[in-house]
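Undergrad: Shown below is the structure under consideration.
The values are calculated or read from the model by the stated rules, or taken from the named source; none is laboratory data. Note that the structure is a prediction, hence the values are computed from the model and not measured. In this analysis, Cβ positions are derived from the backbone assuming ideal geometry, glycine residues included, and neighbour counts consider all displayed protein chains.
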Amino acid sequence: MRFFIVIAVMILVASSSSRNHHNAAFAFAAALPTRNVPTGIHVALAGDDGRGNSNRISVSWNTVNNTASSIVKYGTVSGKYDVTVTGSSGAYLETFNHHTVTESLAPGQTYYYVVGDELSGLSSEHAFKSAALEDKKQFSFLAFADLGVYNGDSSINYINSIKDQVDLVWHGGDVSYADDSYTHFGCFTKFCYEDTIDEYLQKIEPWASFLPYMVAPGNHEANCHDASCLFDSDRREKLNNFTAYNGRYRMPSVESQGVLNMHYSFNYGSAHFVSVDTETGYPGAAEERSYIGLPCGGFADQLSWLENDLKKANENRAERPWIFVSGHHPMYQGNTINKDFQTAMEDLFYKYGVDLYFAGHVHQYERNYPVYKGVVEATYSNPRATTHVLIGGAGNDEMHNAQVKQEKTAKEEEEEQGSSLWRPAKTGTNGAWTVVVDGDDHVGISKVVIVDDSTLRFDYIRTSNGEVFDTFTLTRDHSKVY
């Protein structure tokens with residue numbers, strides 16, 4: 001459907017007008033004053049103290065024009081910045097992205113900071129909290145996928161309301177939905193791809209500048225396919241193959257021997273987190289050739305890296321008992337199995353005892369039993385197989401009925417409809433592994449609370465009203481290495 005919309009728009013837009021708009025954008029940028037206020041500030045975990053702890057923070061932001069320097073000034077007292085670090089900037093298209101990594105930080109400490117350039121202008125003050133050491137047994141994080149500018153406000157606002165109660169945010173792909181920008185009002189004949197990323201990062205800045213914001217690639221990061229890109233080969237090529245995604249964020253791939261923001265891992269407290277590329281990182285992956293005709297992928301041997309990473313994490317269970325993996329595509333969803341994905345990674349998940357796999361892509365919530373090769377363990381009490389959860393309905397352009405689902409609780413809806421909402425509407429769409437489903441454009445995210453070395457609690461929250469729609473407890477015996 002999207003392809004035909006694009007073709008229709010292409011008929012309306014001439015390539016010459018696209019070129020004129022492209023040149024006008026540069027002329028406008030050149031006419032701007034030299035002062036560049038940093039926007040879209042966000043932070044992520046970085047560094048390694050030699051014991052695997054994330055002892056640094058990367059800070060990223062965007063400016064319209066380049067600046068003489070990309071600095072972060074920070075300290076433990078508001079308004080007093082004892083340390084200044086310098087990073088780098090670059091432009092993959094028109095505006096400039098800046099990435100700077102702090103020096104080693106004290107664990108679990110709040111730092112106050114400003115970013116920018118002394119001549120062009122510094123930001124207002126923000127704060128972040130450095131990561132805890134591996135002996136932190138109790139902590140919590142948010143996990144979800146598929147969050148954009150449209151229909152995402154309830155999740156964005158909910159996260160901001162609880163940002164002091166969680167330790168990090170893990171976003172499993174489809175970040176901002178910039179490639180759907182051509183469907184936005186006023187963007188049918190205007191280049192809105194970059195503006196949409198800017199708007200998204202500005203919306204999430206209140207919490208993404210405070211909480212480590214860890215992202216994974218989704219299909220909506222692959223390329224730009226609106227009319228402006230299809231008619232303009234420069235834009236089309238520069239925005240292909242996850243370029244904007246890799247330019248805007250700085251994930252800890254250097255520290256974990258990963259590749260760009262495509263696949264990497266990090267540690268927090270008593271857990272090891274792995275972000276995988278389900279779009280191009282294995283044979284048969286969906287985005288290795290996009291429908292705009294340009295090749296994607298070619299980032300490196302993800303599967304060898306993944307096995308080495310999981311093997312090392314599994315051997316380190318005494319210090320970090322929990323292992324979590326996040327990727328955009330689900331392996332199990334409804335009554336279907338993604339066979340190419342399963343062939344690539346399921347044996348590794350099982351061999352090295354991955355506790356939970358978080359997915360998105362399908363715009364709903366689905367909790368599954370632990371499952372391996374389609375065989376279900378109908379328990380969350382010390383299962384051998386990986387538990388799969390789908391949290392793909394954080395709020396985005398393609399959840400067309402999301403706004404009419406804002407107020408009613410699950411109980412009220414069940415009473416109104418006279419049937420349980422805990423199953424898909426159509427019969428025969430559950431797998432043997434399916435336990436709970438919340439679909440029909442309900443907007444939600446998950447919160448995971450690490451209770452101790454063997455117990456975690458998982459909550460799925462409808463962010464329109466803060467209701468915990470589903471919860472379960474997973475226990476795993478981590479005293480042994482698989």
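Undergrad: With the condition being touching a Leu at 6+ places or on another chain (Cβ under 8 Å) and not assigned by TED's automatic domain parsing to the domain that holds residue 255, I'd like the strands (runs of 3 or more DSSP E) fully within the range 78-135 carrying at least 3 qualifying residues. Steps first, answer last, please.
TA: Details: elements: 83-86, 88-90, 96-101, 110-117, 126-129.
Here the list reads 110-117.
Undergrad: Then there's this: Determine, yes or no, whether residue 388 is under 22 Å from residue 436 (Cα atoms), in a loop (DSSP other than H, G, I, E, B) and touching a residue at least 12 places away in the same chain (Cβ under 8 Å). Before the answer, list the steps.
TA: Values: under 22 Å from residue 436 (Cα atoms): yes; in a loop (DSSP other than H, G, I, E, B): no; touching a residue at least 12 places away in the same chain (Cβ under 8 Å): yes.
No.
Undergrad: Does residue 385 satisfy the condition of being at pLDDT below 95 and either surrounded by 14 or more Cβ atoms within 10 Å (Cβ to Cβ) or touching a helix residue (DSSP H, G or I) at 6+ places or on another chain (Cβ under 8 Å) (or both)? Break it down stepwise before answering.
TA: Numbers: at pLDDT below 95: no; either surrounded by 14 or more Cβ atoms within 10 Å (Cβ to Cβ) or touching a helix residue (DSSP H, G or I) at 6+ places or on another chain (Cβ under 8 Å) (or both): yes.
Against the criterion (at pLDDT below 95 and either surrounded by 14 or more Cβ atoms within 10 Å (Cβ to Cβ) or touching a helix residue (DSSP H, G or I) at 6+ places or on another chain (Cβ under 8 Å) (or both)), residue 385 does not qualify.
Undergrad: Restrict the check to the range 179-187 and report whether at least one residue is β-branched (Val, Ile, Thr), in contact (Cβ under 8 Å) with a residue 40 or more places away in the chain and under 26 Å from residue 273 (Cβ atoms). Walk me through how you get there before you give the answer.
TA: Just the residues of the range 179-187 that are β-branched (Val, Ile, Thr), to begin with: 183.
Next, only the ones that are in contact (Cβ under 8 Å) with a residue 40 or more places away in the chain stay: 183.
Add one more test, that the residue is under 26 Å from residue 273 (Cβ atoms), and what stays is none.
Among the residues of the range 179-187, not one is β-branched (Val, Ile, Thr), in contact (Cβ under 8 Å) with a residue 40 or more places away in the chain and under 26 Å from residue 273 (Cβ atoms), which makes the answer no.
Undergrad: Tally up the residues in the range 164-199 that are over 30 Å from residue 451 (Cβ atoms), part of a loop (DSSP other than H, G, I, E, B) and over 16 Å from the mean Cα position of the chain (by Cα), please.
TA: 9
Undergrad: Another question, then. Does the range 109-126 contain any residue that is over 27 Å from residue 70 (Cα atoms) and aromatic (Phe, Trp, Tyr)? Full working, then the answer.
TA: We begin by selecting, within the range 109-126, every residue over 27 Å from residue 70 (Cα atoms); these are none.
The answer is no; no qualifying residue exists.
Undergrad: What are the residues in the range 120-160 that are under 20 Å from residue 61 (Cα atoms), polar (S, T, N, Q) and under 23 Å from the mean Cα position of the chain (by Cα), if any?
TA: Residues satisfying the conditions are 130, 160.
Undergrad: Here's something else I'd like to know. Quick check on this structure: which one of 245, 264 is in a helix (DSSP H, G or I), of a type outside the set (S, T, N, Q) and surrounded by 24 or more Cβ atoms within 10 Å (Cβ to Cβ)?
TA: Details: 264 fails: in a helix (DSSP H, G or I).
Just one listed residue meets the conditions, 245.
Undergrad: So, one more: Give the range 275-286 a look and list any residue that's surrounded by fewer than 24 Cβ atoms within 10 Å (Cβ to Cβ) and of a type outside the set (Ser, Thr, Tyr), or say none.
TA: The answer is 283, 284, 285, 286.
Undergrad: State yes or no: is residue 393 crowded, with 24+ Cβ neighbours inside 10 Å, closer than 27 Å to residue 219 by Cα and either out of contact with any helix residue (DSSP H, G or I) (no Cβ under 9 Å at 6 or more places or on another chain) or modelled with pLDDT of 95 or more (or both)? Explain how you work it out, then say what you get.
TA: Working: crowded, with 24+ Cβ neighbours inside 10 Å: yes; closer than 27 Å to residue 219 by Cα: yes; either out of contact with any helix residue (DSSP H, G or I) (no Cβ under 9 Å at 6 or more places or on another chain) or modelled with pLDDT of 95 or more (or both): yes.
It is true that residue 393 is crowded, with 24+ Cβ neighbours inside 10 Å, closer than 27 Å to residue 219 by Cα and either out of contact with any helix residue (DSSP H, G or I) (no Cβ under 9 Å at 6 or more places or on another chain) or modelled with pLDDT of 95 or more (or both).
Undergrad: Related question: Keeping to the range 83-112, report how many residues are surrounded by 15 or more Cβ atoms within 10 Å (Cβ to Cβ), closer than 30 Å to residue 242 by Cβ and among the hydroxyl-bearing types (Ser, Thr, Tyr).
TA: So the answer is 5.
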